[in-house]
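Q: Okay, handing you the structure first.
Every number here is computed from the coordinates shown, using simple stated rules; none is lab data. Fair warning: this is a prediction, and the values are worked out from it, not measured in the lab. Cβ placement follows ideal geometry from the backbone for every residue including glycine, while neighbour counts extend to all protein chains displayed.
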Amino acid sequence: MSTYMAKPQDINREWYVVDMDGKTLGRVATEIAKILQGKNKPMYTPHIDTGDYVIVVNADKVHLTGKKLEQKMYHKHSRYPGGLKSTPYSELLAKEPEKVIELAVKRMLPKNKLGRQMFKKLKVYAGAEHPHQAQEPKELEL
């Protein structure tokens, strides 16, 4: 019995739409990360990108549990002394709602070239409209 290894030419990519209206950020982000990696398919191979495309709509209507809306902070550093910038979640959600979901999913993907390739298949939009109707995406219920 030999182990099956997927080949790049054998991969058939699907398109999925996820509506974030009222959904919890972390729970949906883990499912999106699994789909981007291809872990929902039987042909999953760790060293090959077998994942599908994911379109996220209504990013501005995402929900967080507890007091995270006031207490959760996003940090970035300029790599200079004293260059730490902290932004509250509520402020980031008001300015750039797409970035909130992108950061949550990106941090769940592998930290290498393959992870960056997987992340490019994520499309996030603040409103309910998206320009990917031609790909005929399937509704993904999480």
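Q: Which one, E14, E98, E70, has the greatest fluctuation when you compute a Gaussian network model over the chain with C-alpha springs under 10 angstrom?
A: E70
Q: Return one number: the angle in degrees, 0 to 90 and rounded to the nearest 10, between the long axis of the Cα atoms of helix 25-37 and the longest principal axis of the Cα atoms of the chain.
A: 30
Q: Which angle between 0 and 90 degrees, to the nearest 10, do you get for helix 97-106 versus the longest principal axis of the chain when only C-alpha atoms count?
A: 50
Q: Straight distance only, please: which lysines reach the Cα of K61 with their own Cα at less than 23 Å, same-chain residues fewer than 8 apart left out?
A: Leaving aside lysines fewer than 8 places away in the same chain, those within reach of K61 are K23, K34, K72, K95, K99, K106, K120, K121, K123, K138.
Q: Could you check which residue among H75, H132, H63 shows the biggest mean-square fluctuation in a GNM of the chain with a 10 Å Cα cutoff?
A: Looking only at H75, H132, H63, the largest GNM fluctuation is found for H75.
Q: Can I ask one more? Give, as ranges by residue number, the residues of region 29-65 whose backbone N falls under 15 Å from the point 7 Å along Cα→Cβ of M1.
A: Output list for this probe position: empty.
Q: Still on this model: Which aspartates and glutamates does K41 reach when only Cα atoms under 14 Å apart count, and residues fewer than 8 places away in its own chain are ignored?
A: Result set, ordered by chain and number: D10, E14, E31, D49, D52.
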